[in-house]
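Notes follow once the structure below has been shown.
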Amino acid sequence: MINNKLLNPQSIVVVGASNDVQKPGGKVLKNLLASNFKGRVYAVNPKEDEVQGIKCHHKVEDLPETDCAILAIAAKYCPATVDVLALQKHTGGFIILSAGFGEENEVGAAYEKHIVDTINSVGGSLIGPNCTGFLNTNYCGAFDAPIPTLDEHGVDFITGSGATAVFIKEYGISNGLTFNSVWAVGNSAQLGIEDVLEHLDTSFDPVHSSRVIMLYMEKISNPQKLLKHARSLINKGCRIAAIKSGGSAAGSRAASSHTGALATNDAAVDALFRKAGIVRCQNREELTTVCAIFMHPEVKGKNMAVITHAGGPAVMLTDVLSNNGMDVPHIEGPKAEALLGKLFGGSSVGNPIDFLATGTAEQLGYIIDACEHDFDNIDCMCVIFGSPGLFPNWEVYKVLDEKMKTCKKPIFPILPSIINVKEEIADFINNKHRINFPEECVFGNALCKVYNTPKPQPENVVMPAIDVERIRKTVDRCQDGYMEIADYNELLDAAGIARKRSVEVDKKEDALQFAKEVGCGKDTPLVMKVVGPLHKSDVGGVTLNVKDLDTVSKEFDRLMAIKDTYAVEMYPMLDGTDVYIGAIKDEKFGHQIFFGLGGIFIEVLKDVQSALAPISADEAKDMLKKLRGYKILQGVRGQDPVNIDLYADQIARVSALVMAAPEIAEMDLNPLLGNPKAVVAVDARIRLQK
């Protein structure tokens with residue numbers, strides 16, 4: 001859908017061109033003329049004969065054939081203008097800067113639809129409307145500023161907000177980040193963020209394509225498309241960082257289950273990004289810092305050498321790294337002593353490596369060489385070097401630049417003195433084409449996010465074998481709503497999900513008969529639960545440790561008297577740690593699987609992980625280790641551990657079940673009781689929505 005007339009046109013017309021560069025039509029023409037564009041430029045304005053030195057046509061009908069058009073005119077004039085350009089002038093690339101379309105009212109939405117239909121009819125490509133434009137190394141079709149330094153190996157930036165893009169560019173440019181393209185998609189009437197990502201994937205060239213992609217999104221229109229192409233690009237060697245804003249507004253619904261309460265839109269986005277391998281960022285500073293890290297060689301391990309001439313920043317950075325899964329390992333031994341001998345007295349090499357405020361460029365070279373060649377427990381380096389204003393840093397930054405060219409281990413420059421040595425830093429950025437990380441803790445947090453983001457999950461997941469035919473028969477005969485116990489037990493059995501063996505009784509004699517059959521007593525206590533009320537514990541609807549027939553009789557009467565109760569569920573008591581598995585279906589994201597500590601603690605601690613289906617047992621095991629309460633699952637203070645292999649298998653089976661039965665709208669297994677020998681579902685709720 002993205003054609004060459006948009007990407008590399010031979011002629012461009014600005015409709016609504018102006019001599020006033022404070023208007024979009026004037027500024028976009030100015031930016032276009034100042035860009036690398038080598039083709040023909042036309043202008044259209046009914047009131048001008050010449051605009052910014054360009055001959056101006058009074059109407060689009062007077063134009064010759066034109067590859068690409070940039071429209072900066074009122075929305076009401078755009079449909080007819082697009083008709084002429086697309087149908088008469090063979091225009092195939094369109095950038096519509098104008099607002100007043102679908103974002104404003106129904107009339108604007110009708111204009112937008114007409115435009116898209118016309119452009120689609122000729123196989124054209126549209127950026128916008130209601131956007132700041134598009135630019136790449138061929139031309140600038142955007143009206144905003146600043147225009148970044150363009151480099152084919154710079155960042156490909158795709159954004160749903162033009163204004164936000166300005167601020168992101170400003171922060172990135174000021175620290176040396178370069179760009180390959182900027183796509184401000186605006187209303188995304190035809191081309192959205194997912195479509196641009198698809199284009200970058202399908203047109204990927206391992207020699208010429210950028211390897212760094214930056215996304216700013218306020219909505220995800222097609223999660224599966226985003227997942228497919230992000231995963232593909234990352235597997236080709238690209239790295240992607242993204243902000244998805246607008247997730248805090250209780251995308252959660254009124255909870256009819258624990259899973260419903262947990263399933264916010266933000267949780268779904270987290271699961272999507274994790275599955276794709278996208279580094280999720282929360283603000284502009286973090287986004288540009290992560291992408292700046294991406295512009296350096298990839299960090300292969302977690303061990304950092306912190307090289308500094310100032311103790312405080314090194315300590316703060318060490319804290320950030322150590323608290324977020326990376327390490328600043330101790331350096332010692334003969335080679336460390338040899339390095340120390342080359343530094344001034346009072347220096348230390350234990351890591352952080354502090355060579356004092358009086359440290360020289362030559363000493364920095366010695367330190368970097370030692371970290372590169374002598375210390376096997378170092379995977380990467382950062383250099384914190386500013387100035388108290390006593391001396392210039394030209395030689396230090398020259399050595400740093402030279403070592404970054406020759407060392408195989410990544411080196412990250414943290415140059416904080418943006419006033420005292422601003423000329424040296426400007427030279428480092430502009431002439432040496434380097435990136436500066438001015439704040440060590442911002443850098444440290446961003447690097448840890450990169451390190452802790454997993455690689456993309458495989459597209460084809462090996463799932464456990466389940467009885468799909470039996471599942472389909474059960475689902476097809478059931479009605480919408482919460483399933484009866486016998487029906488959902490049928491689903492659990494067909495999926496191989498271990499469950500308690502229970503009965504549902506509505507007569508006291510049946511309750512007593514079951515108690516006799518299982519040998520109710522001190523060694524075989526029973527559980528009795530109400531059937532009907534939603535939250536059983538809240539209404540006093542759960543009785544544990546029933547050890548004799550007299551108690552069975554009394555508790556049956558008490559439970560049946562509770563409002564909304566129509567039966568009592570009975571089963572032998574199980575033991576183990578309460579864990580949880582849930583699933584919920586989202587219209588766009590598909591099924592999301594949740595798992596973690598269960599029972600009543602799920603409401604208080606909310607210590608859960610979530611993943612988009614399908615999820616394999618191996619993926620589930622890796623994610624279980626990220627639970628804050630993972631040590632509880634391992635067993636603490638004499639408590640038996642949970643069999644993690646069995647628990648992960650049950651998670652994978654829930655994933656397989658919802659894939660086989662997409663009609664499952666919501667599902668809770670809470671709790672499952674886990675011990676070294678088994679993980680068994682004690683309570684379940686499954687809601688169908690066909």
Selection count, region 563-602, where residues are more than 20 Å from the chain's Cα centre (by Cα) and either farther than 19 Å from G481 by Cβ or outside any strand (DSSP E or B) (or both): 24
Filter result (assigned to a loop (DSSP other than H, G, I, E, B) and hydrophobic (A, V, I, L, M, F, W, C)) within region 14-29: A17, V21
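For every residue, the table says whether it meets (1) in contact with a His (Cβ under 9 Å, 6 or more places away or on another chain); (2) surrounded by fewer than 21 Cβ atoms within 10 Å (Cβ to Cβ); (3) free of Cβ contacts under 8 Å to residues at least 40 places away in the same chain.
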| position | (1), (2), (3) |
| --- | --- |
| G172 | no, no, no |
| V182 | no, no, no |
| I193 | no, no, yes |
| L200 | yes, no, no |
| L215 | no, no, no |
Among the residues listed as A495, A465, the single one being under 30 Å from N235 (Cα atoms), of a type in the set (A, V, I, L, M, F, W, C) and within 35 Å of the chain's Cα centre (by Cα): A465
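Yes or no: P329 over 31 Å from the mean Cα position of the chain (by Cα), over 30 Å from T164 (Cβ atoms) and not β-branched (V, I, T)?
No; evaluated as a whole, the condition is false for this residue.
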Residues satisfying the stated conditions in region 50-89, i.e. acidic (D, E), out of contact with any helix residue (DSSP H, G or I) (no Cβ under 8 Å at 6 or more places or on another chain) and outside any loop (DSSP other than H, G, I, E, B): E50, D62
Complete set of residues in region 652-690 that are closer than 19 Å to F601 by Cα and out of contact with any Pro (no Cβ under 9 Å at 6 or more places or on another chain): M667, D668, L669, N670, P671, L672, L673, V679, V680, A684, R685
Single match in Q634, Q650, Q592 (criterion: without any contact (Cβ under 8 Å) to a residue 12 or more places away in the chain and among the polar types (S, T, N, Q)): Q634
Candidates D327, D270 - the one that is under 30 Å from I220 (Cα atoms) and of a type outside the set (G, A, S): D270
Any chance I2 is touching a Leu at 6+ places or on another chain (Cβ under 9 Å), under 15 Å from L135 (Cα atoms) and part of a loop (DSSP other than H, G, I, E, B): yes
Unmet requirement for K536, which otherwise passes all of (1) modelled with pLDDT under 95; (2) over 24 Å from Y647 (Cα atoms); (3) surrounded by fewer than 18 Cβ atoms within 10 Å (Cβ to Cβ): (3)
Residue pairs meeting the criteria (Cβ under 6 Å; at least 6 apart or on separate chains; first of a type in the set (A, V, I, L, M, F, W, C), in region 419-433; second surrounded by 16 or more Cβ atoms within 10 Å (Cβ to Cβ) and in a helix (DSSP H, G or I)): F428/Y397
Residue ID - nearest to the chain's Cα centre (by Cα), chosen from residues in region 148-165 that are of a type in the set (A, V, I, L, M) and buried (at least 17 other Cβ atoms within 10 Å of the Cβ): I158
Check on E459, under 37 Å from the mean Cα position of the chain (by Cα) and either on the phi > 0 side of the Ramachandran plot or modelled with pLDDT under 95 (or both): yes
Members of region 550-559 found to be without any contact (Cβ under 8 Å) to a residue 24 or more places away in the chain and surrounded by 11 or more Cβ atoms within 10 Å (Cβ to Cβ), listed by number: T551, K554, R558
Region 632-662 - residue that is of a type in the set (D, E, K, R) and within 27 Å of the chain's Cα centre (by Cα) and, of those, surrounded by the most Cβ atoms within 10 Å (Cβ to Cβ): R653
Some residue of region 364-383 being over 19 Å from I293 (Cα atoms), of a type in the set (S, T, Y) and modelled with pLDDT under 95: no
Check on P614, more than 22 Å from P454 (Cβ to Cβ) and either in contact (Cβ under 8 Å) with a residue 12 or more places away in the chain or crowded, with 18+ Cβ neighbours inside 10 Å (or both): no
Failed item, numbered, when K422 is tested on (1) exposed (fewer than 14 other Cβ atoms within 10 Å of the Cβ); (2) touching a Ser or Thr at 6+ places or on another chain (Cβ under 7 Å): (2)
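Could you tell me whether any residue of region 662-683 is part of a helix (DSSP H, G or I) and within 19 Å of D618 (Cβ to Cβ)?
no
Among the residues of region 30-49, write down those that are part of a loop (DSSP other than H, G, I, E, B), closer than 19 Å to Q10 by Cβ and of a type in the set (D, E, K, R).
Scanning region 30-49 gives a single hit, K38.
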Complete set of residues in region 674-690 that are of a type in the set (K, R) and surrounded by fewer than 20 Cβ atoms within 10 Å (Cβ to Cβ): K677, R685, K690
Test: residue in region 114-127 that is assigned to a loop (DSSP other than H, G, I, E, B), in contact (Cβ under 8 Å) with a residue 12 or more places away in the chain, under 30 Å from A292 (Cβ atoms) and in the same structural domain as L33 (by TED's automatic domain parsing): no
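The values are calculated or read from the model by the stated rules, or taken from the named source; none is laboratory data. Everything quoted here is computed from the prediction, not taken from an experiment. Heads up, the Cβs are rebuilt from the backbone with ideal geometry, glycines too, and the neighbour counts pull from every protein chain shown.
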